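Just below is one structure, and these are the notes that go with it.
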Amino acid sequence: MKVHHLNCGSMRKIEPTYEGPRPAHTVAHCLLVETDRDGLVLVETGLGLGDVGDPAGSLAADWTEMVEPVLDPAETAVRQVERLGHAPADVRHILLTHLDVDHSGGLPDFPDARVHVLEEELAAAVAEAPSRRYRPAHWAHRPRWTTYEPGAGEEWLGFGGVRQPHGLPPEFLLVPLGGHSAGHAAVAVRDGGRWLLHAGDAYFYHGELRAREPEPHPLLDIVQTGAQVDAELRLRNRDRLRALVRDHAGEVEVFSAHDPWELERYGAASAGE
């Protein structure tokens, strides 16, 4: 397998909480995985062409005002897939941490893909939409949903209820990681001798995973606490990620959806950087 780290949607520029890294736009960190037998697998979709072309019709006005998306069509997942020499139809599976607007916006650009998400998340999105976080335009094309019930699954590095997505090999896992949204999950991808764990919005800033005392980003923490559906569960899962990083540093690399400095580890950057 080959894993590409993509930024599929630059948003508001922020500064780090310490000297060194330069200010950067927050990102929509996605993965594009080239498999030997199962085509392309996209982890998250960021913002899509519909969001870029018609933000007033696709995105909530208050969300756009708060987040300040750059809305560059070149950053959409579908355009990046094409630049890598693939067709949109080559994306056969999409794994989502959750259905917030900046994670699901690219779904309409891959109408034939099988979309994997926890059952609780899809139910919440359908019930609450339209809202700031859930936008019906992102699933008006009737995606090929594959959902997973809570409670079932295996254990993986201390996390329970873990599911192998249907139709994909054991190198892909959905790891329930609730608190941010009703059915939030992380996505684990086996990349050679290590696991990559895309933690979605389980945390927003790399300082939160520091071994001693978590250090949230002051601006991102406003967004994080405003969106959470279960604060206690979110913080408990964040601390479990801290323990994972501490105890399994050689086995797993953990990153979140919006931290630009985490994305820079993998050679990608946000707009204008």
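The values are calculated or read from the model by the stated rules, or taken from the named source; none is laboratory data. Since the structure is predicted, the reported quantities are computational estimates derived from the model, not experimental observations. Cβ: placed from backbone, ideal geometry, glycine included. Neighbour counts: every protein chain shown. Heavy atoms of the whole protein, side chains included, go into the accessibility calculation; ligands, DNA and RNA do not. Shrake-Rupley method; radii C 1.70, N 1.55, O 1.52, S 1.80 Å.
Brief remarks follow.
- Scope the stretch 49-77; condition touching an Asp or Glu at 6+ places or on another chain (Cβ under 8 Å) and either of a type in the set (S, T, N, Q) or closer than 22 Å to residue 255 by Cα (or both); matching residues: 58, 67, 69, 76, 77
- Scanning the stretch 99-113 for residues being in a loop (DSSP other than H, G, I, E, B), out of contact with any strand residue (DSSP E or B) (no Cβ under 7 Å at 6 or more places or on another chain) and over 17 Å from residue 69 (Cα atoms) gives a total of 2.
- Positions within the stretch 83-106 being more than 21 Å from residue 202 (Cβ to Cβ) and touching a Pro at 6+ places or on another chain (Cβ under 8 Å), in sequence order: 93
- Condition check for residue 64: open to solvent by 30 Å² or more (accessible area, probe 1.4 Å) and either in a helix (DSSP H, G or I) or under 15 Å from residue 32 (Cα atoms) (or both): yes
- Qualifying positions in the stretch 82-112 - hydrophobic (A, V, I, L, M, F, W, C) and surrounded by 23 or more Cβ atoms within 10 Å (Cβ to Cβ): 91, 94, 95, 96, 99, 101, 107, 110
- Screening the stretch 114-197 for strands (runs of 3 or more DSSP E) wholly inside it with 3 or more residues that are within 11 Å of residue 99 (Cβ to Cβ) returns the ranges 114-118.
- Members of the stretch 27-56 found to be outside any strand (DSSP E or B), of a type outside the set (A, V, I, L, M, F, W, C) and open to solvent by less than 10 Å² (accessible area, probe 1.4 Å), listed by number: 44, 45, 46, 48, 51
- Scan of the stretch 236-249 for residues that are open to solvent by less than 70 Å² (accessible area, probe 1.4 Å), part of a helix (DSSP H, G or I) and over 13 Å from residue 184 (Cβ atoms), ordered by number: 239, 242, 243, 244, 245
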